[in-house]
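Enquirer: Once you've had a glance at the structure underneath, I'll fire off some questions.
The values are calculated or read from the model by the stated rules, or taken from the named source; none is laboratory data. Bear in mind the structure is a predicted one, so any value in this text is a computation, not a measurement. Heads up, the Cβs are rebuilt from the backbone with ideal geometry, glycines too, and the neighbour counts pull from every protein chain shown. Only protein heavy atoms, including side chains, enter the accessible area calculation; ligands, DNA and RNA are left aside. Shrake-Rupley method; radii C 1.70, N 1.55, O 1.52, S 1.80 Å.
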Amino acid sequence: MKEQDILFIKENFIKKDDVYIVQNNFFITTYYNDLKTHLLFSKGFKTDFCSAPGVIKNKLIPSLLLYHDEWLIHDFLYTSNKIKVKLLNKTLNITLTREQIDLKLRRDLEKKKMSKIKRNLVYFFVRVFGKRHFLKDTENKKYISSAAKITTAINHL
């Protein structure tokens, strides 16, 4: 566990019950099929970093610190399955399916050196239990839509 990971959580989130709430706007850079995009997490966005039964979350998968970016990106994309990618002078709007989002999580966890067994276990659980969360987080949608406006404004500076 790195000190920068702990600082990332302390500086950007407050914990209320089992949920972490974004306190300051921040970007996470990610890739989809080698296309770079920046996701803006607006103040108020909520995450639990990893929705899994307690035994699995606590014993098998280090949920919070080691993989916080990967869990956040997955939560973001489950709330809004759209990303914007700048390619030359053009902005592409990409809509991702739930399966594509789950596969991205598995690839991202692989890049972060999570073991094959654990990342496949994560993938299995998001495939089986994730459907009820996909595109249904209406509270977080308002933070993502406001983030899109801020991102668009930044792109035009």
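Enquirer: Keeping all protein chains in place, calculate the accessible area per residue for the range 2-43 (probe 1.4 angstrom), answer in Å².
Expert: Solvent-accessible surface per residue comes out at 66 Å².
Enquirer: Tally Lys/Arg at +1 and Asp/Glu at -1 over every other residue whose Cβ is under 10 Å from the Cβ of D108; what's the total?
Expert: +3
Enquirer: Also, I was wondering about something else. Pop out the ³J(HN,Hα) list for the range 32-39 in order, Karplus 6.51 cos²θ - 1.76 cosθ + 1.60 with θ = phi - 60°, rounded to Hz; leave Gly and Pro as x.
Expert: 10, 6, 6, 9, 7, 9, 10, 9
Enquirer: When ligands, DNA and RNA are left out and all protein chains stay put, how many square angstrom of accessible area per residue does the range 89-145 have with a 1.4 Å probe?
Expert: For the range 89-145, the per-residue accessible area is 68 Å².
Enquirer: On alpha-carbon atoms, Rg over Rh for the range 61-142 using Kirkwood Rh?
Expert: When Rh is taken as the Kirkwood radius, the ratio is 1.00.
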